[in-house]
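What follows draws every value from the coordinates through simple rules; no lab data is involved. All values derive from a computational prediction rather than experimental measurement. So basically every Cβ, Gly included, is an ideal-geometry build from the backbone, and we count neighbours across all protein chains shown.
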Amino acid sequence: MPQAITVEDLNIYYGDFLAVENVNVVIEPRSVTALIGPSGCGKSTFLRTLNRMHEVIPGARAEGTVEIEGQNIYAAGVDPVNVRRRVGMVFQKPNPFPTMSIRDNVLAGVKLNNKRISKSDADALVEKSLKGANLWNEVKDRLDKPGMGLSGGQQQRLCIARTIAVRPEVVLMDEPCSALDPISTLAIEDLIHEMKEEFTIVIVTHNMQQASRVSDRTGFFNIAGTGKPGKLIEIDDTEKMFTNPANKQTEDYISGRFG
Ligand SMILES: Nc1ncnc2c1ncn2[C@@H]1O[C@H](COP(=O)(O)OP(=O)(O)O)[C@@H](O)[C@H]1O
Ligand SMILES: [Mg+2]
């Protein structure tokens, strides 16, 4: 079985600016990888190259290889829309479609992918996805109410339900809890833990406790100074990264001696 994600010699640009330099990393299926590091070191930029969302920014491009389950998503002829179905993304701020019902929010990605789906299949998919996002019990009696009527934490779980409804292989999360209260944050962390039975998860977090709670592996990005590219300094088992990292920069960062 191929690795879930294999990144080789990846350089990421905004126009002429090299934002992230020479990333090489292998991520195993059904694992949670946390990406940590100071603001501006390229965590979000790197994450967006894993499903070809980076290139939607004018002038933005990536050079190198990203394989998702054996397929180089940057090879000629690969459809980025299909890549984004296989590699879903959850953002910092929950972004349900405001005018849509809870049910239609869950189905939105499926419909965008032009899938025709019967009412009974849709009902089953809505239930399965909301259960998968630990939200079903809270919303099953109001599926036709607007998604915007939910709390922030519920909205984020609704966005996760929408993401997993298209059956992706990989789910990317960019600081998914940073707009949430502590209770909602723990609910998302529990969910991430359950999700890895089915999905490969890569999560950017500025919260090191969160990284150590949810992830199997942790990658540390750093930047040498303004205008310099971000680099993946070290990636290893989370426990090792937080107790005995190989690199001095990692040690300084995790022990708060940064800057
Ligand atoms: N849309 C953009 N256009 C140009 N530069 C950008 C854009 N987004 C991010 N950058 C730059 O890329 C670098 C990495 O940013 P980012 O990936 O957002 O870092 P992080 O997520 O680690 O805080 C920064 O220097 C940032 O200013
Ligand atoms: Mg970011």
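Quick look at the numbers
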| read-out | value |
| --- | --- |
| Any hit, the stretch 35-49, residues being within 16 Å of Ile203 (Cα to Cα), without any contact (Cβ under 8 Å) to a residue 60 or more places away in the chain and crowded, with 23+ Cβ neighbours inside 10 Å | yes |
| Which listed residue, of Val26, Val66, is without any contact (Cβ under 8 Å) to a residue 24 or more places away in the chain, more than 9 Å from ligand 1 (Cβ to nearest atom) and within 24 Å of Val214 (Cβ to Cβ) | Val26 |
| Strands (runs of 3 or more DSSP E) within the stretch 166-231 that include 3 or more residues touching a Gly at 6+ places or on another chain (Cβ under 6 Å) | 217-223 |
| Long-range neighbours under 8 Å by Cβ, at least six apart or interchain, first residue over 16 Å from Arg162 (Cβ atoms) within the stretch 120-141, second part of a helix (DSSP H, G or I) and not β-branched (Val, Ile, Thr) | Lys140/Glu127; Lys140/Leu130 |
| Qualifying positions in the stretch 198-225 - within 11 Å of ligand 1 (Cβ to nearest atom), within 22 Å of Asp181 (Cβ to Cβ) and among the β-branched types (Val, Ile, Thr) | Val204, Thr205 |
| Those strands (runs of 3 or more DSSP E) lying entirely in the stretch 1-101 with at least 1 residues within 16 Å of the chain's Cα centre (by Cα), within 16 Å of ligand 2 (Cβ to nearest atom) and more than 30 Å from Gly149 (Cα to Cα) | 32-36 |
| Of all residues making up the stretch 181-200, the number that are out of contact with any strand residue (DSSP E or B) (no Cβ under 7 Å at 6 or more places or on another chain) and more than 20 Å from Lys93 (Cα to Cα) | 4 |
| Given (1) in a helix (DSSP H, G or I); (2) away from ligand 1 (no atom under 16 Å from the Cβ); (3) in contact with a strand residue (DSSP E or B) (Cβ under 8 Å, 6 or more places away or on another chain); (4) closer than 28 Å to Arg86 by Cα, index of the condition Met241 fails | (4) |
| Yes/no for Pro245 being within 21 Å of Tyr13 (Cα to Cα) and either touching a helix residue (DSSP H, G or I) at 6+ places or on another chain (Cβ under 7 Å) or in contact (Cβ under 8 Å) with a residue 12 or more places away in the chain (or both) | no |
| Filtered residue count, the stretch 156-184, keeping only those that are crowded, with 19+ Cβ neighbours inside 10 Å and either closer than 15 Å to Arg30 by Cα or away from ligand 1 (no atom under 16 Å from the Cβ) (or both) | 18 |
| Restricting the stretch 9-23 to residues that are near ligand 1 (Cβ under 9 Å from one of its atoms) and surrounded by 21 or more Cβ atoms within 10 Å (Cβ to Cβ), the residue that is farthest from Gln249 (Cα to Cα) | Ile12 |
| Looking only at the stretch 127-154, and only at residues there that are over 21 Å from the mean Cα position of the chain (by Cα) and hydrophobic (A, V, I, L, M, F, W, C), the one that is surrounded by the fewest Cβ atoms within 10 Å (Cβ to Cβ) | Met148 |
